[in-house]
Amino acid sequence: MDALRIDATRRTPLVDFDFPAGVLRLAGESYPDDSASFFGPVLTALREWLAASDVPVRLDVELVYFNSSSAKALMNMFQALETAAAGGRPVRVIWRCDEDDDAMREFAEDFSEDLDHVEFTVAERLDAAGSGRDDAA
Amino acid sequence: MLAQRYAAFKQDLDAKGIIFSFSGYVSEGILYSLGEALREKMTLEEADGPTVRRVFSVFVEQMQNIIRYSAEKITAGDGRSIELSAGMVTIGMEDKTFFIVCANTLRSDDVPVLKERLDFLQGLDKDAIKAYYREQLREAPDEGSRGATIGLIEIARRASAPIEYDFAPLDDGKSFFCLKVRI
């Protein structure tokens, strides 16, 4: 399955899912007017790839801000990853946020509470701009 | 007269600690622009990062509720996907804390369900709000709600005091809804 890349806009995050490498990344801000239409295709692609491949997964989440409907979309992604991990596939989620960002740290707890098979870690955010890294094909 | 009238209007806003107030049609574009202005203004005034983020989060949820649920809407007649919803948003400082008030017209038929949700949230303490948020995060959205439930919980969890709200009946089966959140 090919990579999925959607550039960030003012209200939607960078989606950089390098499916062949198993390295996925979300970065930036997320408060689209219709989060279902933004995240729907992303979630579909993720589910299809999870079903079609058994490459180990690493998801980096470097979101600075997301609204409540984006939070629901993220939860759906984590649940799809948890299902894959429960089936024996190695899945890591690295949740990056600023040290003083209590809200983002609390979100990490909200999401990871019942992820028993996904290895979920919280780390410092790498770049303040949340810009895309170089394409890794 | 003109300047006097508007000077009095401005003085009234200043006296109430209002940083900015917007009344009219809101769209996602207006939400974005006002949100950026709000973040810049708060950062310039050296509000701490977590406070800026809490105010911004409540602002976005409130504005998106107006955009989705306002009963006063105009839609482009030529099929373009432009929808403007009328409402009000006011942000200010009171007793050294930020507050956000949002208001919009809604159908009176929708009042009981919204009132029930808000009453429920008002009665929860911090830990209960957190637990309820986690539960709703894992639930499918209510039919027709377009996600308001989790949005209201998000608002309640960013508040430093219980949320305040009120409804005033208007003509034509509509009501005016107002929600005040202290950060």
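The values are calculated or read from the model by the stated rules, or taken from the named source; none is laboratory data. Just so we're clear, the structure is a prediction, and the values are computed from it rather than from any experiment. Don't worry about glycine lacking a Cβ; one is built from the backbone with ideal geometry, like all the others, and counts go over all protein chains shown.
See the values below:
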{"quantity": "Residue match in the range A:41-54 (condition: among the aromatic types (F, W, Y) and farther than 24 Å from B:N65 by Cβ)", "calculated": "yes"}
{"quantity": "Scan of the range B:38-50 for residues that are assigned to a helix (DSSP H, G or I), surrounded by 14 or more Cβ atoms within 10 Å (Cβ to Cβ) and either among the hydrophobic types (A, V, I, L, M, F, W, C) or more than 9 Å from every other protein chain (Cβ to nearest Cβ) (or both), ordered by number", "calculated": "B:L38, B:R39, B:K41, B:M42"}
{"quantity": "Single unsatisfied condition, A:E106 versus (1) modelled with pLDDT under 95; (2) buried (at least 16 other Cβ atoms within 10 Å of the Cβ)", "calculated": "(2)"}
{"quantity": "Residue within the range B:25-33 that is away from chain A (no Cβ under 11 Å), in contact (Cβ under 8 Å) with a residue 60 or more places away in the chain and part of a helix (DSSP H, G or I) present", "calculated": "no"}
{"quantity": "Among residues of the range B:14-24, those that are surrounded by 11 or more Cβ atoms within 10 Å (Cβ to Cβ) and assigned to a helix (DSSP H, G or I), counted", "calculated": "1"}
{"quantity": "Any hit, the range A:42-51, residues being charged (D, E, K, R), touching a residue at least 24 places away in the same chain (Cβ under 8 Å) and in contact with a strand residue (DSSP E or B) (Cβ under 9 Å, 6 or more places away or on another chain)", "calculated": "no"}
{"quantity": "Segments classed as helices (runs of 4 or more DSSP H), wholly inside the range A:27-119, with at least 3 members that are more than 8 Å from chain B (Cβ to nearest Cβ) and closer than 30 Å to B:L84 by Cβ", "calculated": "A:35-52, A:68-86"}
{"quantity": "Flag if A:A84 is modelled with pLDDT under 95 and either closer than 22 Å to A:D18 by Cβ or not basic (K, R) (or both)", "calculated": "no"}
{"quantity": "Count - residues of the range A:1-18 that are closer than 18 Å to A:S53 by Cβ and more than 13 Å from the chain's Cα centre (by Cα)", "calculated": "3"}
{"quantity": "The range A:4-26: number of residues that are in contact with a Phe, Trp or Tyr (Cβ under 6 Å, 6 or more places away or on another chain) and away from chain B (no Cβ under 12 Å)", "calculated": "3"}
{"quantity": "Residues (over 14 Å from B:M88 (Cα atoms) and polar (S, T, N, Q)) located in the range B:11-37", "calculated": "B:Q11, B:S33"}
{"quantity": "Checklist (1) polar (S, T, N, Q); (2) out of contact with any Lys or Arg (no Cβ under 7 Å at 6 or more places or on another chain); (3) surrounded by 11 or more Cβ atoms within 10 Å (Cβ to Cβ) applied to B:Q11, failing item", "calculated": "(3)"}
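Conditions (1) of a type in the set (D, E); (2) touching a residue at least 40 places away in the same chain (Cβ under 8 Å); (3) surrounded by 17 or more Cβ atoms within 10 Å (Cβ to Cβ), marked per residue:
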| residue | (1), (2), (3) |
| --- | --- |
| B:V58 | no, yes, yes |
| B:Q62 | no, yes, yes |
| B:N65 | no, yes, yes |
| B:K73 | no, no, no |
| B:S85 | no, yes, yes |
| B:M93 | no, yes, no |
| B:D119 | yes, no, no |
